Amino acid sequence: MNAGLSERQVHVALAKACRMDVVAFKPGNVSLWSAGHGMAASDFLRSATVAVPCLATNDASVGARIESAVTATMAAVGCNTNLGIVLLLAPLAQAAQTPSGTGELRARVARVLRALDTDDAAACFRAICVAQPAGLGEVADGDVRRVPSMTLLEAMRLASVRDRIAQAYVSDYAEIFELGVPLLAAARQRWRSLAWATSACYLHLLAHAPDTHIERKWGKTLATAVSARARAVASALEACENPRNAVAHLRAFDDELKSRGVNPGTSADLTVACVAVFLLQSRLA
């Protein structure tokens, strides 16, 4: 039996992943490189400070971690800075802390996701209502404004047709483990910089599929165009032996997005999860 990680170990990994969210230059997102969307990097750092302890609390359910982290965030900064991040990190934290017959994090995550129940769904629904994410609409089944009659995984399955975070839940985090983390690890090895590896990972995730946050707010045509633009910028970054030589490309893309108020938020959230997986796996190895 492989022991799980301690609360402190998980806290350190998640805190570092959330810090990378603002240290890395991710065009269209708020970072130390560039504010935007009426928010500053300090809002995200403050959010992480209050949310991570909730996410890393040992023996808490996934739903309880989500609800407490979102509630703490809204009390601290008064706006939704991290709902997607919280949704992705809560199962990862519980999985990393749970003793298992295997040290493989993805197998642990799969077991956590399959054990989600209606209480997890109810807590998650309450958290989403508190956060009030942009583009939240009404649906016939699994509407977060109603008391759920399904498990959280079943609710995510319904939402997966329109949301890549929900897709992560129903695929055992396939996009994260199979695409994002290998890209992150390769870039980290090449450049010896987790921050620049995070930028590369983000651009590849944004290029891989239309960002569902953009799609919900501005439509599929724009989301597809942003992904195509991300492919070009990712190629420019990859061509550089020194990633700082690509800053002009990153700034131009950032200006294009922010001048239109466009935020590839889902891709940013998935990127944080990739960094968290990368760090947690190194501790479980």
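Bear in mind that the values in this text are calculations on the coordinates, not laboratory data. Everything quoted here is computed from the prediction, not taken from an experiment. Note that we place each Cβ from the backbone using ideal geometry, even for glycine, and neighbour counts take in every protein chain shown.
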Margin query: Please identify the DSSP H helices in the chain that span no less than 18 Å along the helix axis (Cα) and have a mean Kyte-Doolittle hydropathy of 0.0 or more.
Written below: 7-23, 41-55, 62-77, 83-97, 118-131, 194-208, 220-238, 265-284
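Pulled fully out, how much extra length does the chain show between Val161 and Thr102, if you take 0.36 nm times their separation in residues and subtract their Cα-Cα distance? Before the final figure, lay out the partial values.
Details: separation 59, 0.36 × 59 = 21.24 nm, distance 3.10 nm.
That works out to 18.1 nm of additional length.
Cβ neighbours within 10 Å, averaged per peptide: list 219-229, 169-179 in order, most packed at the top.
Values: 219-229: 15.7, 169-179: 19.0.
Going from most to least packed, we get 169-179, 219-229.
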Next item on the list: Report the local net charge at Ala3: Lys and Arg +1, Asp and Glu -1, summed over other residues whose C-beta lies under 15 Å from its C-beta.
Entry: 0
Next item on the list: Grab the Cα-Cα distance for Ala35 and Arg192, subtract it from 0.36 nm times how many residues apart they are, and report the gain in nm with one decimal.
Entry: 53.9 nm
Notebook entry, point to check: Which value at 222 nm does the chain reach when only helices count, each DSSP H run of 4 or more adding -39,500 (n - 2.57), with the total divided by all residues and rounded to the nearest 500 deg cm²/dmol?
Noted result: -21000 deg cm²/dmol
Notebook entry, point to check: Which entry in (i) 13.1; (ii) 16.7; (iii) 19.0 matches mean projected area of the Cα convex hull in nm² derived from the coordinates of this structure?
Noted result: (i)
Check: Considering only Ala168, Ser259, Ser100, whose Cα is most displaced toward the positive end of the charge dipole of the chain, charges sitting on Cβ of Lys, Arg (+1) and Asp, Glu (-1)?
Finding: Ser259
Checklist line | Most positive-pole-ward Cα, Ser47, Ser193, Asn242, against dipole of the chain from beta carbon charges | finding: Asn242
Next item on the list: For a label point 7 Å from the Cα of Ala3 along Cα→C-beta, name the residues of region 77-105 whose backbone N is under 18 Å from it.
Entry: 94-105
Next item on the list: Calculate the dipole size of the chain relative to its Cα centre from +1 charges on Lys and Arg beta carbons and -1 charges on Asp and Glu beta carbons; express the result in debye to the nearest 20.
Entry: 580 debye
